[in-house]
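The values are calculated or read from the model by the stated rules, or taken from the named source; none is laboratory data. As the structure is a prediction and not an experimental result, all values here were calculated from the model. Don't worry about glycine lacking a Cβ; one is built from the backbone with ideal geometry, like all the others, and counts go over all protein chains shown. Each accessible area value is taken on the protein alone, full model and side chains, heavy atoms only, with ligands, DNA and RNA left out. Shrake-Rupley method; radii C 1.70, N 1.55, O 1.52, S 1.80 Å.
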Amino acid sequence: MPSLRPARYPGLDGLRAIAVALVVIYHLFPGSPLRSGFVGVDVFFVVSGFLITSLLLQSSRAGRLGSRASLVDFWTRRARRLLPALGLVVTTCATAAWFIGGDVLVDLGRQVLGAATFSYNWVSLTSGADYFAATSPELFRNLWSLAVEEQFYVLWPLLLPLLLMVRRSWARIALALVAAAGSAWWMAQLAAAGDVTRGYYGTDSHAFGILLGIALAITGLGRIEHEWMLRPAARRSAAVLGVAGLAAIATSALLPETPDAATFPGSLLLASLGTIGVVVASVWPQARFGIRLDIAPLRWIGDRSYGIYLWHWPVLVLVVAATSGGSVDLRVPPTAAAVTLVLTLVLAALSYRFIEMPIRRRGLRASIRSLVRAFGGRPARRFAALTISSVIILSIAGTVVSITTAPAESSAAATIRAGQRALEQATATPSPAPTESLTGGLPGAPSPTPAPSSDGSDMIAIGDSVMLASAPALLARFPGIAVDAEVSRSMWTGTEIVSALASGGDLRETVVVGLGTNGAIDDEALDQIAASISPRRDLILVNAYAPRDWIPGVNEQLAAFAAAHVGVVVADWSAAIAPRPDLLAEDLVHPGDAGGELFADAVDQAIRDVTVERQEARKREKAAASLLEEARDALRQLAG
């Protein structure tokens with residue numbers, strides 16, 4: 001006969017520690033081998049699905065599942081566990097963001113609304129947020145996963161009684177597995193359609209980890225012991241499954257991230273299935289696997305994993321913004337990463353000791369009464385109560401001020417939008433000849449605009465958001481130029497655009513390509529562009545300037561390619577803007593009006609350089625032809 005086991009499961013604290021470590025390393029050390037460390041979130045999802053369903057099934061056996069008292073008790077305990085730390089993180093970090101100012105405040109009101117209503121993932125999606133964008137990241141971006149779990153906590157106690165109406169356990173498990181497969185399939189479809197953030201953020205498309213945990217809980221594992229489960233062979237098999245599960249989690253974190261089904265949901269599913277293996281091995285009757293996984297350091301981190309996860313991202317954004325003049329482009333220098341890690345551990349430990357545990361033990365109202373009583377106690381208690389009350393009041397006030405003063409868009413978004421408006425106006429009306437330099441936008445305008453080296457009607461420019469932000473200056477400097485620029489373009493996108501323009505006969509005599517900001521490039525892409533353009537046209541390759549790891553390699557490749565090809569010259573935007581980062585938006589990538597002038601200067605100089613190069617090439621060809629003719633004359637004289 002099976003026997004019931006206690007609800008305390010060994011190994012899960014250690015598993016939580018592994019999960020949060022993967023996420024923190026992925027965010028703080030983007031150059032680490034954990035290229036898909038975000039799979040740690042899926043480990044959390046599986047554990048949550050398993051634990052919460054196991055807890056609710058205990059209520060079901062006691063005949064309390066679905067009753068009003070049971071639901072209120074469940075939700076109250078979840079609120080005690082989640083809300084105090086969440087409220088502390090949101091108010092404290094929002095107030096700190098107000099002191100720093102700039103792009104870190106953008107859209108803060110929407111973010112706080114999403115956190116307060118357990119809907120952060122959906123609120124972010126409706127605003128067009130991109131989880132994988134490195135520039136101007138949301139301060140509370142990491143709360144999307146907490147929203148998914150909170151939605152699960154609210155809805156699952158209401159839905160589980162319906163599932164329990166199915167009499168057979170195997171049928172319940174099958175329904176959970178079918179739902180998990182459907183969720184994973186839906187994520188794959190969204191990724192294939194190019195909407196990776198929707199697939200990643202969506203509760204419907206990212207529920208498969210939770211559903212796998214639910215299926216495991218329905219089996220009764222961890223609650224019921226069978227005699228066959230105690231046999232040595234069964235326990236050894238469970239341990240092997242646990243080791244394989246850890247290996248699967250590690251492999252999924254090491255796999256390269258791809259914007260398709262290989263990662264979404266491929267790597268996420270691998271991590272989820274690996275977590276199932278670890279949970280099985282941890283809770284297997286009389287197994288040692290879970291006890292060994294709960295070693296002291298991992299258990300300490302696991303107990304505080306919720307706070308570590310909450311704090312690490314907003315602290316990272318704030319540290320980077322505070323140490324880079326307001327920029328929140330997460331290049332994450334090693335010093336900033338180290339400071340963030342220390343602050344995260346300290347804040348999570350303090351929150352766990354003084355906020356989370358007291359409220360979990362006593363409840364919110366009892367904790368408030370204790371705080372009030374402390375004002376009538378000993379001086380040390382009064383000082384502590386006054387300090388805590390002051391922090392709470394100032395944090396709430398700072399959050400309100402931050403929301404009311406937050407800018408509507410980032411400085412980078414403003415420069416890009418100005419470029420888009422300029423292009424729209426250029427298509428509606430012809431561009432007049434420039435009369436004076438653009439001096440609006442960011443301070444420190446360069447010297448007056450020189451006469452252009454080329455007629456813009458013979459030029460076409462293809463680029464990314466940097467070129468888009470520079471469009472007003474390009475249109476003013478080269479009247480008649482055609483500018484085709486969009487956000488997030490890569491060099492491989494440029495090969496397709498140039499090929500299509502060449503096939504349609506729409507290429508002009510000078511082709512300007514600026515596509516090095518958004519990723520590494522290779523010679524194959526450059527060769528394809530040069531082949532489509534043909535040798536008789538001039539190709540201007542604009543190099544890149546951005547706080548990104550691949551930029552130096554991109555610029556070296558562009559320079560080497562130009563040196564090896566006649567009629568190809570680099571426009572040295574990097575050298576032009578490097579001494580004047582004050583002419584860039586806070587992301588240190590996109591130029592304002594005055595920075596756009598320097599971009600146009602770089603293109604103008606490259607056109608002058610390619611003109612000189614063409615002239616020198618023609619001189620060399622003429623000299624070679626003259627020498628050849630002289631040689632022929634000499635041969636004819638000898639033959640005669």
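Details
- Breaking point among (1) surrounded by 13 or more Cβ atoms within 10 Å (Cβ to Cβ); (2) within 34 Å of the chain's Cα centre (by Cα); (3) hydroxyl-bearing (Ser, Thr, Tyr), for Ser389: (2)
- Of residues in region 496-522 being over 36 Å from the mean Cα position of the chain (by Cα) and exposed (fewer than 15 other Cβ atoms within 10 Å of the Cβ), the one nearest to Val483 (Cα to Cα): Asp506
- Subset of region 368-386 that is of a type in the set (D, E, K, R) and over 17 Å from Glu356 (Cα atoms) - its residue that is surrounded by the fewest Cβ atoms within 10 Å (Cβ to Cβ): Arg378
- Check on Ala473, under 23 Å from His565 (Cβ atoms) and part of a helix (DSSP H, G or I): no
- Flag for Ala281 being without any contact (Cβ under 8 Å) to a residue 40 or more places away in the chain and either under 19 Å from Pro10 (Cα atoms) or open to solvent by 30 Å² or more (accessible area, probe 1.4 Å) (or both): no
- Phe44 being closer than 30 Å to Ser395 by Cα, at pLDDT 95 or above and over 17 Å from the mean Cα position of the chain (by Cα): yes
- In region 175-218, the residue that is nearest to Gly277 (Cα to Cα) out of those that are open to solvent by less than 10 Å² (accessible area, probe 1.4 Å) and outside any helix (DSSP H, G or I) is His206.
- Annotation: of all residues in region 396-409 being of a type in the set (Gly, Ala, Ser) and within 27 Å of the chain's Cα centre (by Cα), the one that is surrounded by the fewest Cβ atoms within 10 Å (Cβ to Cβ) is Ala408.
- Enumeration of residues in region 359-382 that are in a loop (DSSP other than H, G, I, E, B) and either in contact with a Pro (Cβ under 9 Å, 6 or more places away or on another chain) or over 25 Å from Arg78 (Cα atoms) (or both): Phe375, Gly376, Gly377, Arg378
- Candidates in region 238-260 are the residues that are at pLDDT 95 or above and open to solvent by 60 Å² or more (accessible area, probe 1.4 Å); of these, the one that is farthest from Arg35 (Cα to Cα) is Val240.
- Where a residue in region 334-360 is over 18 Å from Val24 (Cα atoms) and its partner, wherever it lies, is of a type in the set (D, E, K, R) and open to solvent by 50 Å² or more (accessible area, probe 1.4 Å), with Cβ under 8 Å and at least six apart: Ile359/Arg80; Arg360/Arg80
Residue-wise test of (1) modelled with pLDDT of 90 or more; (2) of a type in the set (Ser, Thr, Tyr); (3) touching a helix residue (DSSP H, G or I) at 6+ places or on another chain (Cβ under 7 Å); (4) within 20 Å of Ala559 (Cα to Cα).
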{"residue": "Leu475", "(1), (2), (3), (4)": "yes, no, yes, no"}
{"residue": "Ser499", "(1), (2), (3), (4)": "yes, yes, yes, no"}
{"residue": "Val511", "(1), (2), (3), (4)": "yes, no, yes, yes"}
{"residue": "Asn518", "(1), (2), (3), (4)": "no, no, no, yes"}
{"residue": "Glu524", "(1), (2), (3), (4)": "yes, no, no, yes"}
{"residue": "Ala531", "(1), (2), (3), (4)": "yes, no, no, yes"}
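- If only residues of region 478-495 that are open to solvent by 30 Å² or more (accessible area, probe 1.4 Å) and part of a helix (DSSP H, G or I) are counted, the one that is nearest to Pro552 (Cα to Cα) is Trp492.
- Qualifying residue in region 63-79 (condition: of a type in the set (Lys, Arg) and modelled with pLDDT of 95 or more): no
- Checking Ile25, Ile18 one by one, the residue that is in contact (Cβ under 8 Å) with a residue 24 or more places away in the chain, in a helix (DSSP H, G or I) and open to solvent by 30 Å² or more (accessible area, probe 1.4 Å) is Ile18 and no other.
- So Ala562, is it without any contact (Cβ under 8 Å) to a residue 24 or more places away in the chain and buried (at least 20 other Cβ atoms within 10 Å of the Cβ): yes
- Count - residues of region 352-387 that are under 20 Å from Phe99 (Cβ atoms) and in contact with a Leu (Cβ under 7 Å, 6 or more places away or on another chain): 0
- Those residues of region 86-119 which are among the β-branched types (Val, Ile, Thr) and either in a helix (DSSP H, G or I) or over 20 Å from the mean Cα position of the chain (by Cα) (or both), in sequence order: Val89, Val90, Thr91, Thr92, Thr95, Ile100, Val104, Val112, Thr117
- Scanning region 222-231 for residues that are open to solvent by 70 Å² or more (accessible area, probe 1.4 Å) and either part of a helix (DSSP H, G or I) or polar (S, T, N, Q) (or both) turns up Glu227, Trp228.
- When region 339-366 is limited to residues that are small (Gly, Ala, Ser) and under 16 Å from Thr92 (Cβ atoms), the one that is most open to solvent (accessible area, probe 1.4 Å) turns out to be Ala349.
- Complete set of residues in region 107-159 that are open to solvent by 30 Å² or more (accessible area, probe 1.4 Å), farther than 19 Å from Leu190 by Cα and of a type in the set (Val, Ile, Thr): Thr117, Thr135, Val154
- The sole residue among Ser48, Ser70, Ser36, Ser60 that is closer than 29 Å to Ile249 by Cα and open to solvent by 10 Å² or more (accessible area, probe 1.4 Å) is Ser48.
- Taken together, Gly307, Gly220, Gly302 contain a single residue that is under 29 Å from Arg80 (Cβ atoms) and modelled with pLDDT under 95, which is Gly220.
- Residues of region 531-543 classified as crowded, with 20+ Cβ neighbours inside 10 Å, assigned to a helix (DSSP H, G or I) and not polar (S, T, N, Q), total: 1
- In region 485-495, the qualifying residues are those that are farther than 22 Å from Ala562 by Cα and free of Cβ contacts under 8 Å to residues at least 60 places away in the same chain, and the one that is nearest to the chain's Cα centre (by Cα) is Ser488.
- Whichever residue in region 569-619 is open to solvent by 10 Å² or more (accessible area, probe 1.4 Å), among the β-branched types (Val, Ile, Thr) and at pLDDT 90 or above and, among such residues, is farthest from the chain's Cα centre (by Cα): Val569
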